[in-house]
Amino acid sequence: MRFNYFLRWTFLIIGFLFVSSAYSQTKFTLSGSIKDKKNGEQLTGANVIVKEIPATGTAANEYGFYSLTLPQGKYTIIYKYISYNTDTVSIVLDKNVKLDMLLSDASTQLQEVVVSTRRKDENVRSVNSGIEKINPKEVAKIPVLMGEKDLVKSIQLLPGVKNAGEGNSGFFVRGGAGDQNLILLDEAPVYNASHLLGFFSTFNSDAIRDATLYKGTQPAQHGGRLSSVLDLKMNEGNNQKFSVGGGIGLISSRLNVEGPLGSDRGSFLVTGRRTYADMFLLLSKDEDTRKSSLYFYDLNLKANYKISDKDRIYISGYGGRDKLGVGDAVGIDWGNYTSTIRWNHIINDKLFSNTSVIYSNYDYNIMVNTSDDEITILSRIRDYNAKQEFQYYASPRNTIRFGFNSIYHEITPGKLESSTSSTNFENRFAWENAAFVSNDFKLSEKLNINAGLRLSSFAVLGKGDFYTVNNKLEVTDTTTYKSGEFVKNYMNLEPRLAVNYMLTSSSSLKAGYFRNTQNMHLISNSTSSNPTDKWVPSSNIIKPEIADQISLGYFKNFADNKYEFSVESYYKWMQNQIDYKDGAEVLQPKAIETQLLFGKGRAYGLEFLVKKKEGRFTGWVGYTLSRTEKKIDGINQSNWYAAKQDRTHDITIVGMYDLTKKWSVSALWTYYTGNAVTFPSGKYYIDGKVVWLYTDRNGYRMPDYHRLDLGATCKLKDTPRYSSDLTFSLYNAYGRENAYTIDFRESESDPSKTEVVQTTLFRWIPSITWNFKF
Amino acid sequence: MRTKAIYSIVLIAAIILSSCEKVIDYELNTTTPKLVIEANLTNNPDYSAVTLSKSKNFTDNNTFEAVSNALVIITDNAGNADTLKETQPGTYKPLNMVGVPGRTYYLTVKTDDEVYTAESQMPNTVSFDSISFNSINRFGEITIFPAPHYQDPANENNYYRFLEYVNGERSTSIFISNDLLYDGQYVNQSLRSFSDELNIEPGKTVEILMMTIDANVYQYFNSLSQISGGGGPNQSGTPANPLTNISGGALGYFSSCTIQKKSTIAF
């Protein structure tokens, strides 16, 4: 019923759009691709401007494709892209014209300028607010922990985004939890984006072309997570010449090889990374420590090949694994594998199609060797995913995207095995589908609108046992479903709306509303990312999480777009939030629902950003004022309480300065209110020991956190054939003792007393990395 | 145990990555004292007792006030009742009630104007056969763990709690287990503690008390173990007071359980 209603609306909207573009005089279409002359990479977001009709133009999509439909006539077309030389072409448009452009990189003459992949005033002009684009080159100079460049950690420096703790690559967006971020690597969802218990992200910066974070209104083609989408695109590889690059650092090394495939037909890229922190363990005198392991590796592959002028195939793959082991006693290994096959097809000069088949896998294994038995725990999640998307360039004022996405999930929440027996947690199966349509249109010179609609459905499938749980969280009934049988289907309609009103040519007001749903939930009782956190799909009891967010922002650029200023506010309502009950049995073999409680959440905040984008000095100041709370029946006497990631103030200052052609320096300072935590207020004596008494959930705060990092880069050699540089960094330069954990214990000096102990992780961590390319 | 293992790895990683620890001043809130009830009714009168005390502020010293002159009554579903006698400040002993497996027991504690109640069903006895010892090499140190042996009854949920004494001194570690992995099997799992202060060496006397407990008491000790034990990774999980089976706002537990004792010399 609801579905029919939706279909009718969809057809009505689509119909309207087609009709509105069908009136009017004879029109022809100019289309083609825009690429880098040197390495053949597509220039996503490159601008195509019509000189004769001001404010008319388009931008290349994520595959470098552009399409522009104009009335018959003579035009001067300007192809423009930041840090590339502008090209101008005169055309007579009396038939449909296909024109592929190659732009040459101007950055060789502008080494000092921060390379940006976007239009200078994109922040003001784009319709959606809360979008952050990050290019690895842009952030290459920011000092980092142990010299390990990490895009995700650069994203944490933006307003509205918070890190998941000291040195942690997990992040929280606008009050959402860590699992509410959809992390896509070439369209494949990555379920655990961290290495080494969170200290590094799974994204090797050598392999990533750019990253886009949607923290506000998400385009309708994305869905499935409540708070954000982090869309990472892998490098395509150089299609003009072979090259080898890499880096040697204190704890890891990287190597990448790229080159053309066929003559001008395609390219490939292979990058790898391996840490060797565990080499230090070999220095230990203790045999068990020597036998311990602590490392991770990553491998990224990408290739693309042009089959015809209208068809291109992309293949990308990622594999990464962590291994941790303590002697023979305990071993954990976990990792992700993803692969994506995409087919770009230009159906005609106005209609572009992208078809993807995607596979993702995340699993972990834990082995505990007790003196008398060996216990293993295995958990896995697998996605088989197909996606079809069309982009229809109706007119220069109107672009429509529509398509569908279908994912089959296979979840093994845990398999517990000892030498004599094995217990299977119930395997779960689900089929997730979404249809979407979105429309970018200019209502007037000043008013831009992006409206979208996403219909998501989540079918919980057998086989398996499903439970009925009473309000005391006891199983009262069990129903067994056969393989493929429908247990429950959740349908949600998710409207998305973004409006941009240009106040002046350099300032705008943006407003947005969106609804998002989430059917894959990470059940975790820790703030840092743990490999053992459990992914659980919606079930007959676990309902889809739903978030509604409204946002309003003011954007202004100064001094010919050299400076950006923005202020954004948001309010978010969240339903069906999940938390473990107090004292939950995490290893519950059967109905996990007996360990869970449900409630709601709310988050609101104000974000300021001032950025200097050009010149010898670049950098930004970001400030976020925010609040995130939860209310769950059965927790904290069913009152509102601060979520763990609630931080009132969060300030980040980043500065980069080019001293000479050879040397550049950088600094980063960050300050934030400590996370909300649960500490004891009292104590009592039971079972032969002193036990802490807790009062309010998350009623205390960690001490305020602040830190200064310094960095320097020295170019050793910079020629087209060979380049190399050295980067130095000093993490926590003034040695602030930030609290990593705060523990409570009986005093070591006086057992009749109790004391509070703070552990600090990183103070004055220097690092040096050598990078090369030839 | 599993989470502890993970945290020991985190700890190793942290040591490699350099870390430091110091005692800090942190202003904690004050609390209103709460009644703490530790109540055991067993099939062995020596181990049946109810102790009452009060909680205090974190910053106070570790001497806890006993609660005297309370009315403590235990009844069962077979129509028996016993008013416990205060034998020393805060400790109340049954006069004639001895636990019988299968019966349900009800505890009532009355102090001043407050009334607290709890119930617990005594499980059947599972025969405690013997103790053996296992040694493992942990970071170059040989550690000895005792292992109780018993036959788990098949097709029912069984929960166990063990107390370990070394040369008469009790280990404060919480040893509990269920038969999730060992239903109906002959069990000889070691009692392993990652933070044990008592070092078992050959020649020392090791005494083990084995209790069969009900599901609620298991849940109490399971949640208690999550917040105690060597300072634990406090802020990683969200700590909360253990899940008590006592209603009325008191802390603690009431367990009616079977108890068996075995003692041997470690080798």
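No value in this document is a laboratory result; all are computed from the given coordinates. Remember, it's a predicted structure, so these values are computed and weren't measured experimentally. Note that we place each Cβ from the backbone using ideal geometry, even for glycine, and neighbour counts take in every protein chain shown.
Dividing the convex hull volume of the alpha-carbon atoms in chain B by its residue count gives 155 Å³ per residue.
What pairs in A:149/A:556; A:233/A:306; A:562/A:773 have C-alpha atoms more than 24 Å from each other? Among A:149/A:556; A:233/A:306; A:562/A:773, the Cα-Cα distance tops 24 Å for A:149/A:556; A:562/A:773. Put one equal scatterer on each alpha carbon of segment A:457-516, apply the Debye formula with no solvent term, and list log10 I(q)/I(0) at q = 0.16, 0.17, 0.19, 0.29 1/Å to two decimals. Result of the Debye calculation: -0.71, -0.75, -0.83, -1.08. For the pair residue A:753 and residue A:305, the difference between a 0.36 nm per residue extended length and the Cα-Cα distance amounts to 154.3 nm.
Note that segment B:35-121 carries a Kirkwood radius of 13.6 Å, evaluated over its alpha carbons pair by pair.
Averaged over the residues of A:727-740, the number of partner chain Cβ atoms lying within 10 Å of the residue Cβ comes to 1. Take A:705-713, A:508-516 and order them by the average number of nearby Cβ atoms within 10 Å per residue, most first; the result is A:508-516, A:705-713. Inter-chain Cβ neighbour count for A:687-699, averaged per residue, equals 6 (cutoff 10 Å, partner chain atoms only).
Rounded to whole Å, the principal axis extents of the Cα atoms in segment B:96-190 read 57, 35, 25, largest first.
What pairs from A:98/A:241; A:95/A:350; A:80/A:350 go past 18 Å between their alpha carbons?
A:98/A:241; A:80/A:350
Just tell me which lysines come within less than 20 Å, Cα to Cα, of residue A:689; anything on the same chain fewer than 8 places away is out. Residue A:689 reaches A:753, B:4, B:34, B:54, B:56.
Inter-chain neighbour count for A:750-761: the average number of beta-carbon atoms from partner chains within 10 Å of each residue's beta-carbon is 5. Highest average first, the peptides A:653-666, B:75-88 ordered by how many other beta carbon atoms sit within 10 Å of their residues are A:653-666, B:75-88.
Per the Kirkwood formula applied to alpha carbons, segment A:232-773 shows a radius of gyration over Rh ratio, Rg over Rh, of 0.97. Given in Å, the Rg to one decimal and the Dmax to the nearest whole number for the Cα atoms of the protein assembly as shown are 31.8, 108.
Please compute the contact order of chain A in relative form: average sequence separation of alpha-carbon pairs under 8 Å and at least six residues apart, divided by the residue count, as a percent.
Details: 2181 pairs, mean separation 78.0, N = 774.
Relative contact order of chain A: 10 percent.
Listed cross-link partners A:133/A:387; A:472/A:581; A:137/A:613 are compared with a 18 Å cut-off, the Cα-Cα value being larger for A:133/A:387. Taking every pair of alpha-carbon atoms in segment A:41-105, give the share separated by more than 18 Å as a whole percent. Of all Cα-Cα pairs in segment A:41-105, 31 percent lie more than 18 Å apart. Axis of helix A:2-22 versus longest Cα principal axis of chain A: the two differ by about 20°, to the nearest ten degrees. For segment A:657-774, the relative contact order works out to 22 percent when only alpha carbon pairs closer than 8 Å and six or more residues apart are counted. Extending 7 Å from Cα along the Cβ direction at residue B:155 and again at residue A:406 yields two label points whose distance is 4.5 nm.
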